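Nothing in this text is a laboratory measurement; each read-out follows from the coordinates by a stated rule. Quantities reported herein were computed from a predicted structural model and do not represent experimental measurements. With ideal geometry, Cβ positions are generated from the backbone for all residues, glycine too; neighbour counts draw on all protein chains shown.
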Amino acid sequence: MSPHKDEHLDLCPGYVLGNLAEDERGMLEAHLQEGCAVCEVEINRLGRGAWAFAAATPRLLEPSSIRAHVLDTLRRESGQGEGRAGSRAPFPLRQVVRALGWMAAAAAVVFAVFAHTEWRLAGRLSRDLAGSRENVSRLSQEIQSAREWAALATSPQTRVVDLKPTPSGPPQLHARVTYDPATRRAIVSVTDFVTPAGKDYQLWAFTKSGSASLGLVRADSSGRALIQLSNAGDPFTLSAFAVSLENAGGAAAGAAPASPLVMIGRI
Amino acid sequence: MTDQERDRLCVERMRAGDTRALEELYDRHNGLLYSVVLRIVSVPGGAEEVLQEAWLQIWRGAATYNAARGTVGAWLVTVARNRGMDRIRSEGPGAERAARVDAPHPTEDASANAAHRQMSERVGRALEKLGPQHRQVVELAYFGGLTQGEIAERLNTPPATVKSWTRQALLRLSELVPQEEWT
């Protein structure tokens, strides 16, 4: 892997805005492909800035015709438009009626009744199918979410922080924080967390400017817990994770531990 | 369910071939996409063509969306902007594109919602604190498609300064979008 240099960071804004020279873009992309957590975090951050800039664009009046044009093109692309066009062609039936007379007309009526029944059945099946598709979509989303959390364990930039008991903490406590600076996600796993009556363990993130509660640690009867945190803190300021043993319900203020820390792990 | 969750579900449905999901995304986001693309290409007819190409690309490329890189809304705007950039880069040199950025804006949509107006005001205030040159470098890059070298030449400023202003502006603006709203 090519070592990270400050000049890589200098290229990130232009990369986000797509206005780097070809050679600069090639150099940064090669560096990113080798996996650089620092640049990934920078690009993610700058991307948020570019999104804010775009989202603030003054809204302009959009001609109503655009919607129909765009969606018609998409339906043709997906083949749905052709199906509807095909169902609007009554001429073959009329020619058959003229050619075969009343008997054929009667047959056509029978056919129409049959077709109507089939059409209703098809409609019901179509609705069932739509419901199944929604279920599949929901399940796919859940799988995607599970994959994203699982990816945290294998991501090259993921940091693993083992928390150690402090002198005032019970020595049997075990806790580990697996933290991805790029997404700020973290998974906390604890064992042997037996909570004394009237107390709660509380998880904290420490930054250069202070601390922030990451919530209470509620272990099961065997003392185990697995906690998913969607935002464990800013990687640029985060310095440590810690656990305190607070009165039931956690520290009243919520911004800083009210009781001594029982575990801490520096990043 | 949040807007972001609804958007991600739509992308999943698009991957399964559901065109109604794309219609939902269109109705939620096309107002912004149109505004961004029209700022870039300047001509309403051109904006319509670009949007048609962009939505086709979105439909075909639903599988390429990566939630770890940002919201669905940001992805849609990026696709539309890139199509707009392709269009104007094929039409003229940087100086002409810069002139388009400076052109007066077409009629604004008075019905734009309060959330959008607030975001516009916050972005405007954030850039004001930094200085007019910061807004200018981002506008020339974002809407004009000018390279950093072209911007430096146009502003008669060293390229390193342009890079620095761009970074400062984007970092300040990133503070307006909480991380939890980004993924």
Next item on the list: Run the quick spin-label model on residue A:73 and residue A:192: label points 7 Å from Cα toward the beta carbon, then report their separation in nm to one decimal.
Entry: 6.5
Check: How many Cβ atoms of partner chains, on average, are near each residue of B:128-136 if near means within 10 Å of its Cβ?
Finding: 0
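Show me the three semi-axes of the equivalent ellipsoid for region A:156-267, from the C-alpha gyration tensor (sqrt of 5 times each eigenvalue), largest first, rounded to whole Å. Before the final figure, lay out the partial values.
Working: eigenvalues 89, 49, 30 Å².
Semi-axes (√(5λ), whole Å): 21, 16, 12.
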Notebook entry, point to check: Separation of region A:232-256 and region A:153-231 by C-alpha centroid, Å?
Noted result: 10
Next item on the list: Pop out the ³J(HN,Hα) list for region B:133-144 in order, Karplus 6.51 cos²θ - 1.76 cosθ + 1.60 with θ = phi - 60°, rounded to Hz; leave Gly and Pro as x.
Entry: 5, 5, 4, 5, 5, 6, 5, 5, 6, 6, 9, x
Next item on the list: Provide the three semi-axes, in whole Å and in decreasing order, of the ellipsoid equivalent to the protein assembly as shown as defined by the square roots of 5 times the Cα gyration tensor eigenvalues.
Entry: 48, 36, 18
Check: Within straight cross-link reach of residue A:5, meaning Cα distance under 17 Å, which lysines are found once same-chain residues fewer than 8 apart are removed?
Finding: B:163
Note to self: Could you list A:149, B:165, B:59, A:51 so that the one with the fewest beta carbons within 10 Å of its beta carbon is first and the one with the most is last?
What the structure shows: A:149, B:59, B:165, A:51
Check: Once both axes come from the Cα atoms, what is the angle between helix A:65-78 and the longest principal axis of chain A, in degrees from 0 to 90, rounded to 10?
Finding: 80
Margin query: Within a 10 angstrom radius of the beta carbon, how do A:116, B:134 rank from fewest other beta carbons to most?
Written below: A:116, B:134
Checklist line | Gained length - residue A:122 relative to residue A:162, 0.36 nm times residue gap less alpha-carbon distance | finding: 8.5 nm
Checklist line | Cα long-axis angle, helix A:6-17 against chain A (0 to 90 degrees, to the nearest 10) | finding: 30
Note to self: Compute, for the protein assembly as shown, the length of the dipole vector about the Cα centre, with Cβ point charges of +1 (Lys, Arg) and -1 (Asp, Glu) only. Units Debye, rounded to 20.
What the structure shows: 920
Next item on the list: Calculate the mean, over all residues of peptide B:40-47, of how many other protein chain Cβ atoms lie within 10 angstrom of the residue's Cβ.
Entry: 1
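Do the sum for the protein assembly as shown: with -39,500 (n - 2.57) for every DSSP H run of n ≥ 4, divided by all residues, what is the mean residue ellipticity at 222 nm, to the nearest 500 deg cm²/dmol?
Result for the protein assembly as shown: -19500 deg cm²/dmol, rounded to the nearest 500.
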Note to self: How would A:119, A:204 line up from fewest to most surrounding beta-carbon atoms within 10 angstrom?
What the structure shows: A:119, A:204
Item checked: Mean Cβ neighbour count within 10 Å, used as a protection proxy, ranking B:117-129, A:14-26, A:122-134 highest first -> A:14-26, B:117-129, A:122-134
Checklist line | On Cα atoms only, tilt of B:114-130 relative to the major axis of chain B in degrees | finding: 30
Next item on the list: Calculate the radius of gyration of the Cα atoms of region B:127-173 to one decimal place, then report Dmax, the largest Cα-Cα distance, as a whole number, both in Å.
Entry: 9.5, 25
Next item on the list: Please average, across the residues of A:226-237, the number of beta carbons from any other chain that are within 10 Å of each residue's own beta carbon, and give a whole number.
Entry: 1
Check: Simple spin-label model, 7 Å along Cα-to-Cβ: residue A:107 to residue B:82 in nm?
Finding: 5.7
Next item on the list: Report, please, the projected area of chain B averaged over directions, based on the convex hull of its C-alpha atoms, in nm².
Entry: 11.1
